[in-house]
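The values are calculated or read from the model by the stated rules, or taken from the named source; none is laboratory data. Just so it is clear, the structure is predicted and the values come from calculations on it, not from any experiment. For neighbour counting, all protein chains shown are included, and Cβ atoms are generated from backbone atoms with ideal geometry for every residue, glycine included. Accessible surface is based on the protein model in full, side chains and every heavy atom, while ligands, DNA and RNA are left aside. Shrake-Rupley method; radii C 1.70, N 1.55, O 1.52, S 1.80 Å.
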Amino acid sequence: MQNLRPMKINSLLKLALLGICISFQSCAQNKNDNKKEMKEIQYQKEGMKFNLEYEHSDCSYEILVNDMPVMIHFGLGERSGLTVDINQYILKPGKQNITIRMFPSKNDENTFSLSLTANSFVKITLDKVSLSSNPMDGWDAIAKGEKYQWDVLDYQTPKIEKPVAYAEYKTSFEVDPKDITWKITGWADSQNLKNDPNIRKEVDAFYEDFKKTLESGNQSKYVSMLQNSIYEEAASTPWDKNALPQITKNMTDYANEKRSFIYPCKNAELKFFGEGKVVTLVCTDMLTFGYSPLISKSAKSMMPKAHTFYLHKPKGSDKLEIIR
């Protein structure tokens, strides 16, 4: 289980699937539903890309931006110098909140330590980079001595002074209105799900449907289920739309590839984010603790993949949809 990587669909794969969806002109939910057209993306010719780099020692952890998870780790081993793009978690300018939740580290596949230690920490570094659809613009800026990258935030959790089983820390950063060239809604207007009496039943049904879709290799339905998340990630990051056909050519097979599910999760619980507007399922079994209950592998790759996604109900809707 050390190699299990809980992650959402890779950014390039998402854009590739977006290309598939656009080529279809519509994404059918199923044979009986009306066709649902993908919104046209207003590609940015230039803009800022916010990158969060993270590392940790002797702990498990969650890193949240505006109460949405951007990185979760409950596995074995350490991670240093890895980076995640957080544009899609910035819905408006101004103050952006970051929360770091720390838990004891995992000793082996089935046990956790009892507490955090004096060596436990999470460190994050945030910067912003000016991007353009012209890859030569960055080199031109360097040649002219112009600045194209700025430090935004450096933060490391304080030293743990005594053994505790949990610690939470908060920090923040500011985003200038001129640095947001994208318009995405995300979960801002979504319904609060915490008091929905049927939410567990609906989430379980969605996960089962997602699992069957992957097992059957239903390409059009798979893309349809992901389309809002695909759209907002693509819309929030400067991108060369001419690259889509090339990426699509390399990635199309993924959506058709049938997968078998492993490490069946006997116990899972709801976890809410986005101020209660977003929900996901996480496994509480020790082997896969903190990860999605949907873990699969394909014949082409023996590397397990945890299918992590976050659900919401848009304003005026009674159906769950993937938002991230």
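Being at pLDDT 85 or above, of a type in the set (Val, Ile, Thr) and touching a Lys or Arg at 6+ places or on another chain (Cβ under 8 Å) narrows it down to one residue among Thr185, Thr213, Thr181; which is it?
Numbers: Thr185 fails: touching a Lys or Arg at 6+ places or on another chain (Cβ under 8 Å); Thr181 fails: touching a Lys or Arg at 6+ places or on another chain (Cβ under 8 Å).
One residue alone meets the criteria, Thr213.
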Total residues in segment 173-215, condition more than 22 Å from Ser229 (Cβ to Cβ) and loosely packed, with under 13 Cβ neighbours inside 10 Å: 8
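Condition check ((1) part of a loop (DSSP other than H, G, I, E, B); (2) at pLDDT 95 or above; (3) not basic (Lys, Arg)) across all residues:
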site: Asp253; (1), (2), (3): no, no, yes
site: Cys265; (1), (2), (3): yes, no, yes
site: Phe272; (1), (2), (3): no, yes, yes
site: Glu275; (1), (2), (3): no, yes, yes
site: Tyr291; (1), (2), (3): yes, no, yes
site: Ser296; (1), (2), (3): no, no, yes
site: Met302; (1), (2), (3): yes, no, yes
site: Phe309; (1), (2), (3): yes, yes, yes
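The rows are residues; the columns are (1) in a strand (DSSP E or B); (2) of a type in the set (Phe, Trp, Tyr).
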| position | (1), (2) |
| --- | --- |
| Glu53 | yes, no |
| Tyr61 | yes, yes |
| Leu64 | yes, no |
| Pro69 | yes, no |
| Ser80 | no, no |
| Thr83 | yes, no |
For the subset of segment 277-289 comprising residues that are more than 30 Å from Thr185 (Cβ to Cβ) and crowded, with 18+ Cβ neighbours inside 10 Å, which member is modelled with the lowest pLDDT? Thr288
Scan segment 107-138 for residues that are in contact with a strand residue (DSSP E or B) (Cβ under 9 Å, 6 or more places away or on another chain), part of a strand (DSSP E or B) and at pLDDT below 95 and jot them down. Val129, Ser130, Leu131, Ser132
Within segment 112-123, can one find any residue that is more than 13 Å from the chain's Cα centre (by Cα), open to solvent by 10 Å² or more (accessible area, probe 1.4 Å) and within 30 Å of Thr185 (Cα to Cα)? yes
Quick one: what pairs do we get from segment 197-220, first residue free of Cβ contacts under 8 Å to residues at least 60 places away in the same chain, second open to solvent by 60 Å² or more (accessible area, probe 1.4 Å), C-beta under 6 Å, 6+ apart or different chains? Gly217/Asn256; Gly217/Lys258
Could you check, for segment 40-47, whether at least one of its residues is in contact with a Phe, Trp or Tyr (Cβ under 8 Å, 6 or more places away or on another chain), open to solvent by 20 Å² or more (accessible area, probe 1.4 Å), in a loop (DSSP other than H, G, I, E, B) and modelled with pLDDT under 60? no
